[in-house]
Amino acid sequence: MTKMLTDARAIRIKGRSFLAVVLAPDLPFDDWLVRLDDLAARSAGFFLGRPVVLDVTDLPIDRAQLKELIAELAGRSVNIMGIEGGRPSILGPGMPPALKGGRPVSDEAVAKEPIIELHNSEPKPSVPEMRPTLQSIVIRDPVRSGQSVIFPEGDVTIIGSVASGAEIIAGGSIHIYGTLRGRAMAGSLGNASARIFCRKLEAELLAIDGIYKMADDMAPGLRGHSVQLWLEGDSIMAEKLI
Amino acid sequence: MGKVIVVTSGKGGVGKTTSTAALGAALAQRNERVVVVDFDVGLRNLDLVMGAERRVVYDLINVIQGEAKLSQALIRDKRLETLFLLPASQTRDKDNLTPEGVERVITELKRVFDWVICDSPAGIESGATLAMRHADMAVVVTNPEVSSVRDSDRIIGLLDSKTMKAERGERMEKHLLLTRYDANRAERGDMLKVEDVLEILSIPLIGIIPESMDVLRASNIGAPVTLADARSAPAMAYFDAARRLAGEVLPITIPGEKRGIFGKIFARRAA
C-alpha cells in the first residue's frame, strides 16, 4: 500500500461460515407451532443462542402471516437470522434479511442434537432429495510412490502410471492409461458396480467395494497385460482387454 | 542469476555426493562459476570427495546462524579457480538448518555463481526437503535396481509438491542420472534395464555413469572424477551429463554398447 490513509487503522473484513439450523414450517402454522413446542419441551434450550434460518420455499403465505410467524417464534426465543426462499413481496422492513445460496449439510454434523426428531414427529410428504452429482477427476501426471489420490465422489482417470507404493482410492471406477504398479481401490464407499481398468497390470493390491486381491492371488497370465476388473458376488473377476 | 540444481535420490549410497562433485568440476571446467553446497549436516562427505577436508573453517550452519560471512565459509578449489565448496557442519545439530537461513544463503549464492549445486542428504526428512526447496532443476541419481528406483520415484513426487517452484505452480525440471551401471550385469539380466527405469520414472535421462574403479580411486585421492582422470569412462559420462544440463543436446550412450542405433533410440526416448 503506497497510498496514505487518513487513519492508519485498517478495517478488517473477513468471511466466515457458521452452521445454522434451518426451520421449514408448513401450514397451518398453528399445528406446526404446537409440534415445535412439543419438540422444545423435550429438548430444552435447543434453539437458545443458535442461528436459525426460516425456509419458506413454496409456502402460499403473505407478508402479514410471515410477520406473525416471526413474532410467534421470537416469543419462543427462536431468533431468525435470515429467511430463505421467500418471495420479495412477502418480505418487508423489520424482517430478517433474505438469504440464498445455502448448502445442505449432512445430518452427522448436527446429529448430536435432536433435530432428527423434527422429521420423525412429522414425516414430510415431499422432501426434495439431494441427488449427488456424479463427478470425476483426471490426473495428467504419473502418480509417484508415496502419493495417494483419494476421490470418494466418483471416477478417477490417470493419464500416466501409478508407481509401486502409490495408491488410488475412488468412490467410482478407476481408469489408468499407463502401468498400475501400486494399489487401486475402486468403489471405496460401497459401490459393487465400480471397475478398475489399466493399460498394464503390475498391481500390488486391487480392491473393489472392499473385496481385495493381493499381487500373489492374481492370475499370473494377467500380469503385464491390459486388464479390466469387476466384481461378481464376492469375487473379483478379471479379463484382458485386447 | 545463477541456476540452482539439487542432486537428490531418496536412497543413500547411490552416488549423490560423487555426482555433485563430478558435475560441479565438469561445469567449472567450462569456465563457469560453480559452488557445490553440502546439505548433509552431521554426515558431511562432499569436503572429502573434493579434497578440501583440511581447509574447512566455517560451514553452512555458521553462515545460517550468522557466525560467519558467506565469503569466509566458501572454499576455493586448488585445481579449478571457478569451483567453490560450501561445506556442511559435522558437529552441529541438523535442526540448525532453518528454512529462512537456507533461503538467504541460496539467494546470495545465486547472485555470485552461475551454478549452485546442492548435495542433498539421503532420506525425505527436513535436510532433503530444504536442499530441494529453492532448486530450479533437479538431478535424480538412481541405480538400476528396484529399491533405488522406487525411492527416486518418491523423491520426484516431493520435487513436484514440496519445492518453491511447485508451490508457485511452475514445473520443476527433473533429470535422471543413472549411476553404477554395470554393463556385464545388465547383459546377464541381473539389473533393471535402462528402458525399464525410464518407463517407471518417466523423466528425461541426462547420463548413464558406468560402475568403475576410477570413481572409487578418485574419491580416495580427494578429487572429483572429472578432475582426477578426465579420460576415464565415468568422467566422460559426467562431462556429457554436464553439457546436457547446460542445455546441449547429445545422444546418450549406454556403457558397453556401441554408439549408434542405441544412442539414437535413447536420445529420442529421453526427450
**OP:** Considering each of B:Asp229, B:Asp182, B:Asp151, B:Asp190 in turn, give the residue that is acidic (Asp, Glu), farther than 25 Å from B:Val249 by Cβ and within 13 Å of chain A (Cβ to nearest Cβ).
**Re:** B:Asp151
Original post:
Looking at the range B:98-132, which of the residues that are closer than 20 Å to B:Asn45 by Cβ and part of a loop (DSSP other than H, G, I, E, B) is nearest to the chain's Cα centre (by Cα)?
Top reply: B:Ser120
Subject >> Where a residue in the range A:142-160 is facing chain B (nearest Cβ under 7 Å) and its partner, wherever it lies, is part of a strand (DSSP E or B) and charged (D, E, K, R), with Cβ under 9 Å and at least six apart >> reply: A:Gln147/A:Glu167
Subject >> Segments classed as strands (runs of 3 or more DSSP E), wholly inside the range A:138-242, with at least 2 members that are under 29 Å from the mean Cα position of the chain (by Cα) >> reply: A:148-151, A:154-158, A:167-170, A:174-180, A:183-186, A:196-201, A:205-208, A:211-214, A:227-232
**OP:** Look through A:Ser121, A:Ser77, A:Ser89 and report the one residue that is at pLDDT 65 or above, more than 30 Å from A:Ile169 (Cβ to Cβ), outside the structural domain of A:Asp31 (by the TED database) and among the small types (Gly, Ala, Ser).
**Re:** A:Ser89
Original post:
For the range A:161-183, how many residues are within 11 Å of another protein chain (Cβ to nearest Cβ) and among the small types (Gly, Ala, Ser)?
Top reply: 7
Original post:
Does A:Glu239 satisfy the criteria of being over 29 Å from B:Leu158 (Cβ atoms), surrounded by fewer than 19 Cβ atoms within 10 Å (Cβ to Cβ) and touching a helix residue (DSSP H, G or I) at 6+ places or on another chain (Cβ under 9 Å)?
Top reply: yes
**OP:** Among residues belonging to the range B:201-226 that are assigned to a helix (DSSP H, G or I) and buried (at least 23 other Cβ atoms within 10 Å of the Cβ), point out the one that is nearest to the other protein chains (Cβ to nearest Cβ).
**Re:** B:Leu201
Original post:
Restricting attention to the range B:154-176, does a residue exist that is touching a residue at least 60 places away in the same chain (Cβ under 8 Å), part of a helix (DSSP H, G or I) and touching a Gly at 6+ places or on another chain (Cβ under 7 Å)?
Top reply: yes
Original post:
Just a yes or no: is a residue in the range B:123-133 within 11 Å of chain A (Cβ to nearest Cβ) and not aromatic (Phe, Trp, Tyr)?
Top reply: yes
Original post:
Has the range B:244-253 got any residue that is away from every other protein chain (no Cβ under 14 Å), at negative phi and assigned to a helix (DSSP H, G or I)?
Top reply: yes
**OP:** For the range B:34-78, enumerate the residues that are more than 20 Å from the chain's Cα centre (by Cα) and either closer than 19 Å to B:Ala223 by Cβ or part of a loop (DSSP other than H, G, I, E, B) (or both).
**Re:** B:Arg54, B:Arg55, B:Val56, B:Val57, B:Tyr58, B:Gln65, B:Gly66, B:Glu67, B:Ala68, B:Lys69, B:Lys78
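The values are calculated or read from the model by the stated rules, or taken from the named source; none is laboratory data. Computed from a predicted model, the values in this text were never measured in an experiment. Using ideal geometry, Cβ is built from the backbone for each residue, glycine included, and neighbour counts are taken over all protein chains shown.
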